[in-house]
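Enquirer: Structure incoming, see below.
Nothing in this text is a laboratory measurement; each read-out follows from the coordinates by a stated rule. Treat the numbers as computed from the prediction; the structure is a model and nothing was measured. Neighbour counts run over all protein chains shown; Cβ positions are idealised from the backbone, glycine included.
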Amino acid sequence: MKKLLLGNEAVARGAYEAGVKVATAYPGTPSTEITECIASYDEIYAEWSPNEKVALEVAIGSAISGARAIVSMKHVGLNVAADPLFTVAYTGVNAGLVIVVADDPGMHSSQNEQNTRYYGMAANIPVLEPADSQEAKDFVVLAFDISEKYDTPVILRMTTRVSHSQSIVELCEPERQKLKEYEKDVSKYVMMPAMAKARHVAVEERMKRLGRDSNTISINKIELNDKAIGIITSGIAYQYVKEVFHTASILKLGMVYPFPDELIREFAAKVDRLYVIEELEPFIEEHVKGMGLDIHSGGMFSIQGELSGNIIYSSITNKDLELRPKADIPGRPPVLCPGCPHRGVYSVIKKLKLHAAGDIGCYTLGALPPLEGIDTCICMGASVGMVHGMEKARGRDEAKKWIGVIGDSTFIHSGITGLIDIIYNKGMSTVAILDNSTTGMTGHQDHPATGKTIKGEPAPVLNLVELIHAIGVEHIEVVDPYDIERTEEVLKEEVQREEPSVIIFSRPCALLTKERKKPFVVNQDKCRHCNMCLGIACPAIVRNDKKISIDDTLCNGCGLCANVCRFNAIERLVD
Amino acid sequence: MYVDLMQLKGWLIKMGTTNILIVGVGGQGTLLTSRIIGSLAMELGYDVKLSEVHGMAQRGGSVVTHVKFGDKIFSPLIEVGKADIIIAFEKLEALRWLHYLSDTGVIIVNDQKIDPLPVILGIAQYPHDVLDRIREGSSKCIVIDALSIAKGLGNDRVLNTVLLGVLANQLDIPIEVWLKAVEENVPSSTIEINKRAFMEGYNQ
Ligand SMILES: Cc1ncc(C[n+]2csc(CCOP(=O)(O)OP(=O)(O)O)c2C)c(N)n1
């Protein structure tokens, strides 16, 4: 049977067909749908883990104990999981372990553009790279075979365009996998120096064997055509190449690490001019150059952003394509949704002229004008440690002008440890948790404080107030962010406090509640055109020349605009 | 009605690869439209690729979905200047993506205006001549007030199905095939209103 599947759905299908028993993940664009989709298979245990490190560790536990496991994350998630990653390469697996990492060239939804291929190289782990949904599924199945044959974890590197494109996939019956025997083996699974030294040798031998076998593996293949041009490529770049050079010869690498040196030499010998076409850093190119081969595309492509058929065509043929110019019009950056509970908090932060160490989530959008509510965004969890660092650097008086702002999912992911630090090292910072009862930015995933598992089953609810109290925070306030007066009052009070405090702004994401309340309208007789309401950056508020009105198809009836209007000119619509 | 799929494919092959770009504002429901076209093209025996936007841009940003079908599709992305049809759910977005339209392409524009943040803030102006510029830059431009039609039917969310109807009229695929695809892809409680929305668009 054939089906149109997203690359991510195809990975999930591959996991099912490969007989995976345990699937773990922390959400992150562009990887999220993999595990959401796996959760629909009754045969597979699936979980949202609190963060990627835990997710990988759970998967390692499953694999070592004898059941196939898959773990999925976005590229920056692998930084969080890097500690177990480097050492599971030493221990090896037992049953198969596949680590799916989705990179985001072009940074559609990410804070950096890192390249997971280098992780494979640094950690001595083979890296497979599918180019469409069919390959995504097939490569998962193959990755499990490689993992067990060579006793190694395997990285499946996806990119946004493979993860989020749909193409046709031929479905197969699932393999039945028996639990493998688990045997206690301290020399293999307890990585203390004496054992690790021996395992490092085993790792090197395994990589040599893999390197040799990569010359004949089915997914590294030469498509011999016109020999004037020979292109080495992989992943989505292969598709762009095929689109523009129908007749070129191609060496397509399905496994980009370790490198198939013999195959590369064989290919290079057959073609007149050799090109390497890949997104981001010249990973393959540098290696091929290091082999002493001449490359015509050296430095031809930007390290930043994505490739396209047009870019490849005009670079290789050295022809300027006469493309139509883009229209010069206002941009449309993403914004907080109408009714978003984060909006009120930011309008108060702005009013009080506070600085905020921010974090990652929908609430990062509050950094943009006009709210301009946060000063920094580095990585998940950073806000809490950073606000503490600012206090230690600039003193307690300065600390009264700063808060940390973090989402509920992000707090559980990696904010907790920062808060423990504030208590332990006698800080006095205030941390605001914007608790919208979901992982919003990635499309509404459950987490330990939502009371539901990934399969939608009821789960114990992590009680944030009790948890934070147990860490040692004495002053905890829970505030409804729709209540602007109370929000202001509490923020003012807590930043002044000479002790650490946490404010939990609690109100579910506006997109979670399907019912729309009656929209608001502007009473034109009362409106004085002061533009205060524009300051909250609600997409439903429209200005035509001077006239302010509210788009009733966008308004979700939260009433924040009515709250900030000093002339009571914004009223709820009555029939 | 029974439709002979192979015969249909024969009609369509005349068009070679069909490239459809669907653009709009995050949250407007563009994904459903592309998925309906995709499943329909696959059923007709074509190779199909769709490329979607998930994540950050879904929060009110500019979003685009690429739909390609034909004998063999490699890249899931349509290149600048290669779209046969653009369906724009919002008119400024129509102008933003207009350079993707081929010289002979058709652009379908929902006559709706959603102010982007820079306009709301007064840093930029929503261009007053959007439709004129689109008409000037395209060989064929169809403008429709799909939002009013959807509201008239009693549910502004069926706007995407109205636009699907307009698109259907531009492609050589029998209407029964479309209606079946609509039926299979919308929640069962909304099948009737979606079919009516489709017909409203189709008959424009
Ligand atoms: C290490 C890492 N993992 C995952 C992500 C993707 N990601 C960005 S924000 C976010 C969570 C946001 O949830 P929350 O903190 O509850 O804020 P909300 O979006 O709901 O406002 C995730 C998972 C990331 N940027 N970094």
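Enquirer: I'm a student and want to see the number: the projected area of the Cα convex hull of the protein assembly as shown, averaged over all directions, in nm². Spell out each step's value before the answer.
Expert: Working: hull surface 141.3 nm².
The Cα convex hull of the protein assembly as shown, projected and averaged over all directions, gives 35.3 nm².
Enquirer: I want to check the label-to-label distance for A:Gln111 and A:Ile303. Put each point 7 Å from Cα in the C-beta direction and report it in nm to one decimal.
Expert: For the pair A:Gln111/A:Ile303, the computed spacing is 2.1 nm.
Enquirer: Could you tell me the relative contact order of chain A? Use alpha-carbon pairs under 8 Å, at least six residues apart, and round to a whole percent.
Expert: Values: 1208 pairs, mean separation 62.6, N = 575.
Once divided by the residue count of chain A, the mean separation gives 11 percent.
Enquirer: Could you tell me how many degrees, from 0 to 90 and to the nearest 10, lie between the Cα long axis of helix A:382-394 and the main elongation axis, the longest principal axis, of the Cα atoms of chain A?
Expert: On a 0 to 90 degree scale, this one is about 60.
Enquirer: What is the Rg over Rh value, at two decimals, for segment A:242-336, using alpha-carbon atoms and the Kirkwood definition of Rh? Kindly include the intermediate steps, with their values, before the conclusion.
Expert: Working: Rg = 16.7 Å, Rh = 15.7 Å.
Rounded to two decimals, Rg over Rh is 1.07.
Enquirer: Can I ask one more? May I ask you to list the residues of segment A:115-145 whose amide nitrogen lies under 16 Å from a point 7 Å from Cα along the Cα→beta-carbon direction of A:Thr216?
Expert: Residues passing the 16 Å test: none.
Enquirer: Quick check: the distance between the Cα centres of segment A:307-351 and segment B:134-198, to the nearest angstrom?
Expert: Cα centroid of segment A:307-351 versus Cα centroid of segment B:134-198: 27 Å apart.
Enquirer: Do me a favour and compute the ellipsoid semi-axes for segment A:520-572 from its Cα gyration tensor, root of five times each eigenvalue, largest one first, whole Å.
Expert: Values: eigenvalues 41, 29, 22 Å².
Taking √(5λ) for each eigenvalue gives 14, 12, 10 Å, largest first.
Enquirer: So if the hydrodynamic radius of segment A:342-513 is defined as the Kirkwood radius over C-alpha pairs, what does Stokes-Einstein give as its diffusion coefficient at 10 °C and 1.306 mPa s, in µm² per second? Please list the in-between numbers first.
Expert: Numbers: Rh = 15.8 Å.
Roughly 101 µm²/s, to the nearest whole number.
Enquirer: Go ahead and collect, in residue order, the members of segment B:59-93 whose backbone nitrogen is under 15 Å from a label point 7 Å along the Cα-Cβ direction of A:Leu321.
Expert: So the set is B:74-84.
Enquirer: Still on this structure, I have one more. If you average the alpha carbon positions of segment A:416-450 and of segment A:386-413, how far apart do those two centres end up, in angstrom?
Expert: Here the answer is 12 Å between Cα centres.
Enquirer: Something else now. Output needed for segment B:16-140: three equivalent-ellipsoid semi-axes, defined as square roots of 5 times the C-alpha gyration tensor eigenvalues, in descending order, whole Å.
Expert: Details: eigenvalues 139, 58, 23 Å².
Ellipsoid semi-axes (Å, largest first): 26, 17, 11.
Enquirer: Nearest 10 degrees, 0 to 90: what angle lies between the long axis of helix A:52-65 and the longest principal axis of chain A (Cα atoms)?
Expert: On a 0 to 90 degree scale, this one is about 40.
Enquirer: Can you tell me what share of the DSSP beta bridges in the protein assembly as shown is antiparallel? A percent to the nearest 5 is fine.
Expert: Values: 36 of 101 bridges.
Antiparallel: roughly 35 percent of the beta bridges in the protein assembly as shown.
Enquirer: Report the extension gain between A:Asp272 and A:Asp185 in nm, rounded to one decimal, defined as 0.36 nm multiplied by the number of residues separating them, less their alpha carbon distance. Please list the in-between numbers first.
Expert: On the way: separation 87, 0.36 × 87 = 31.32 nm, distance 5.25 nm.
Residue separation times 0.36 nm, minus the Cα-Cα distance, leaves 26.1 nm.
Enquirer: Of the listed pairs B:Lys91/B:Lys140; A:Lys400/A:Lys492; A:Lys351/A:Lys546; A:Lys137/A:Lys178; A:Lys242/B:Lys68; B:Lys140/B:Lys195, which have alpha-carbon separations greater than 18 Å here? If you can, show how the numbers build up before the last one.
Expert: Values: B:Lys91/B:Lys140 15 Å; A:Lys400/A:Lys492 9 Å; A:Lys351/A:Lys546 24 Å; A:Lys137/A:Lys178 21 Å; A:Lys242/B:Lys68 15 Å; B:Lys140/B:Lys195 26 Å.
As for pairs spanning more than 18 Å Cα to Cα, those are A:Lys351/A:Lys546; A:Lys137/A:Lys178; B:Lys140/B:Lys195.
Enquirer: Shifting gears a bit: Would you list A:Ser109, A:Ser165, A:Ser308 from fewest to most Cβ contacts within 10 Å?
Expert: Working: A:Ser109 23, A:Ser165 27, A:Ser308 19.
So the ranking, lowest neighbour count to highest, is A:Ser308, A:Ser109, A:Ser165.
Enquirer: Net charge around A:Arg528, counting only other residues with Cβ within less than 13 Å of its Cβ (Lys, Arg = +1; Asp, Glu = -1)?
Expert: Numbers: positive: A:Lys526, A:Lys546, A:Lys547, A:Arg566; negative: A:Asp525.
Taking every Cβ under 13 Å from that of A:Arg528, the sum is +3.
Enquirer: Report, to the nearest 10°, how far helix A:7-17 tilts away from the longest principal axis of the Cα atoms in chain A, using its own Cα long axis and a range of 0 to 90°.
Expert: So the inclination is approximately 60 degrees.
Enquirer: Any idea how far the Cα center of segment A:24-96 sits from the one of segment B:48-74, in Å?
Expert: Segment A:24-96 and segment B:48-74 have Cα centres spaced 27 Å from each other.
Enquirer: What percent does the relative contact order of segment A:342-513 come to when contacts are Cα pairs within less than 8 Å and at least six residues apart?
Expert: Numbers: 339 pairs, mean separation 38.1, N = 172.
This gives 22 percent for segment A:342-513.
Enquirer: Taking neighbour Cβ counts within 10 Å as the exposure measure, how do B:Ile175, A:Ile168, A:Ile60 sort from fewest upward? Write out the running numbers ahead of the final one.
Expert: Values: B:Ile175 14, A:Ile168 19, A:Ile60 25.
Result, fewest neighbours first: B:Ile175, A:Ile168, A:Ile60.
Enquirer: For A:Met390, A:Met73, what ranking results if the residue with the fewest other Cβ atoms within 10 Å of its Cβ goes first?
Expert: A:Met390, A:Met73
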